[in-house]
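The values are calculated or read from the model by the stated rules, or taken from the named source; none is laboratory data. All values derive from a computational prediction rather than experimental measurement. Quick reminder, even Gly has a Cβ in these numbers, built from the backbone with ideal geometry, and neighbours come from all protein chains shown. Heads up: the accessible areas ignore ligands, DNA and RNA and are worked out on the full protein's heavy atoms, side chains in. Shrake-Rupley method; radii C 1.70, N 1.55, O 1.52, S 1.80 Å.
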Amino acid sequence: MSDFIRTHKRILYILGLVFLSALFVVLGKKSIKTDKIENRVYSIHAHNDKETDNIYYQKLVKGDRVSQTFTPDTKVDGVSFEFHRGQGSELSGRTYMTITDKKSGAVVYEDAYDNNAFPMDTLVDFKLYDTNLTVGHEYEIAFTSDVENESNAPMLYLQDAGRYKGTFTVNGQEDTSRALCLGVFRHSQLPSKIFDAMMMLVILVVMLILIAMFVKSMPVHRICMLSCIGLGIVYMLIVAPGKGCDSAYHYEVAYSYANNVLFKGNPGGKLAMRADDYEFYKKNFRINDSYYGLMSADAYMDLNDTASLFVKDSSMVMTLIETGNENFVPYIPYIAGIAIGRLLHLGALPTVYLARLFGIIVFALIIGLAVKIIPAGKEALMLLALMPMTLQEYSAFSYDGMCIAAAFLFVACWLAFMHDRADRRTLIMWIVAAVLLGACKKGTYIFFLLLLVPVTRAHMTRKKKAAVGGSMIASAVVFNIISYAVVAAEAFGLRIMAADGGYLPGSSYTLSYAVEHPFKFILMCIGSIIEKADYYFGSIIGTHLSANIQTVPIAVVVPFFVLIIIAAMETFEERTSDNRIIINTSERLAMLVSFFMSSLVMFFMMQVSTPVGWNIDGVTGRYFLPVLPLVVLCLYNCGVTVTKNTKEKVVAAFVCWHIAEVFYAVWAVLVR
């Protein structure tokens, strides 16, 4: 028996981890009360389907009454409405809701909520489990408030009436041009099935990664590629189309370039889309004219109702969406995916997922190449690429994945050249990384070029140093000049944002403020970091997988941070090797200065959307993902060593911990 255990030790180790993971899921699902998932409801939105949805706000003060009639055409288990509050505004009092049968005049449901208990722009659900709304009967939903001060009053979302069937009134006066953003609910069993399927999928992926590590003994860069693809697909399925940060905008840009590839064009600078794609886009990307749709069971249910393998209506329709001026380079995988999907006559949903899958594969290939090239800190670079937030970024519809991949490859090639571990192919890869970085985020990462300063002290011939420096600067600066022209046009055009989300003259900082008051600007950055330290930390690793909404407890993501720190340490075997890599002081200084300057640029650009008197708003943790290797690699050979076996266990633990992350993420999505 003991011989069998020694012979199959690693296989038994994998099976043990899988068993513990399955046990965690089973016990965890019981502890969170499965009925919350089983009884989860989703919206059948009663919104209009016009091409443009103008958004209006209706304040509710004492004495006001806002109402909307609706007629259910299916079994109703709940209603929802959109609630808005301005940035930083303090609300008071309560809002009251009643549902009345129009025919009999009887109140069939009433409820209330505290105004200050909800965050900005949230969907408020009222579940009518004990109320029977009859199909075909007309009902009126009405809202009142006890708030006397208008500055502390809540606001309801309104939109153009469009084809909405119902009567909207404000204080007894009918308004035929607008409607309340109202939705009704019904039960579904699908969320529970999705939960089970997602957990089985992530356990299967983790098992395959562990087999590759301990049974097949694959090299680190191949394990990295396998992990990026496997876990990337898991997170792609968690984050439904349109529910990632800025997904709608990136989809628009990629689709417009795909039109050019297919020789369709965008007449008049307006985006042309297949009819099916446009309907899918309106329903799943631009919810209530917002770029930030929340991840919820609603998203999965909408996909289930509208998905089709092949396109039904491929005729091109003209939209009012302007095609933007983003650089096409970071969008190449998504452009290819959309173009191929349309050539194959795939439906809207398969086309979107094909494009996202292309993004995952390209990211995995670039990161795998970076891990192969980098002479030190391979495991640390791999784990940074496998952080939940990184996975969410490159598996969603966003060019942030390409920014992260390009930055990681740039740092890997740089370190290889610094320690004479590079050849001509590495230089080509470095140039590619510089081009990609220059094309991303409108030149935000131009300060990566500061890493070229220590190259002058590297053990290379003068000719080689000149080739490296010239290639980097030439390839990166050209793209950055183009990108900065776009930034300048926006920033110095004084496009500034008001506190309520609209752009108004004089209501927020401009770029000139940082130039005229550099010390105040730096203090404002420090204040922002102190004020939002927990948010930055959590959103860098993976607490916020959907815009600014926390989906995972911060305690769940802390182990990822600890394991990355351990993986960044030098192993005893590396320390005693004849080919030991030593990151010297000048290299560490170059990395830290580059990190600091790149971070400052992010705050510098985001101050444009910051109301006067506030700390900088709009900078999220995900913006710092490309520059994280610059900090983490500074920990290498800092005096602390671990064994090679320890690093293997750290990587295995990191991969396995994704089961807990996915568990909490999916659960939060389905019960939101």
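The residues of the range 340-375 that are more than 18 Å from the chain's Cα centre (by Cα) and either outside any helix (DSSP H, G or I) or within 15 Å of Met273 (Cβ to Cβ) (or both), listed by number, are Gly341, Arg342, Leu344, His345, Leu346, Gly347, Ala348, Leu349, Thr351, Ile374, Pro375.
Just one of (1) modelled with pLDDT of 85 or more; (2) over 25 Å from Phe285 (Cβ atoms) fails for His250. It is (2).
Contact map, the range 218-237: first residue closer than 14 Å to Glu379 by Cα, second residue open to solvent by less than 50 Å² (accessible area, probe 1.4 Å) and not in a helix (DSSP H, G or I), Cβ cut-off under 8 Å, separation 6 or more or different chains; pairs are Cys224/Leu386; Ser227/Leu386; Cys228/Leu386. Phe604 falls short on exactly one of the conditions (1) open to solvent by less than 50 Å² (accessible area, probe 1.4 Å); (2) modelled with pLDDT under 75; (3) of a type in the set (Phe, Trp, Tyr), and that condition is (1). Just one of the listed residues (Asp534, Asp578) is open to solvent by 30 Å² or more (accessible area, probe 1.4 Å), assigned to a loop (DSSP other than H, G, I, E, B), modelled with pLDDT under 85 and among the acidic types (Asp, Glu), and it is Asp578. Just to be sure, is Ile141 within 21 Å of Gly166 (Cβ to Cβ), at pLDDT 70 or above, buried (at least 17 other Cβ atoms within 10 Å of the Cβ) and aliphatic (A, V, I, L, M)? For Ile141, the condition - within 21 Å of Gly166 (Cβ to Cβ), at pLDDT 70 or above, buried (at least 17 other Cβ atoms within 10 Å of the Cβ) and aliphatic (A, V, I, L, M) - is met. Note on the range 417-445: among residues that are small (Gly, Ala, Ser) and open to solvent by less than 10 Å² (accessible area, probe 1.4 Å), the one that is nearest to Phe363 (Cα to Cα) is Ala433. Filtered by the rule that a residue be modelled with pLDDT of 80 or more and not in a strand (DSSP E or B), the range 155-169 gives a lone residue, Thr167.
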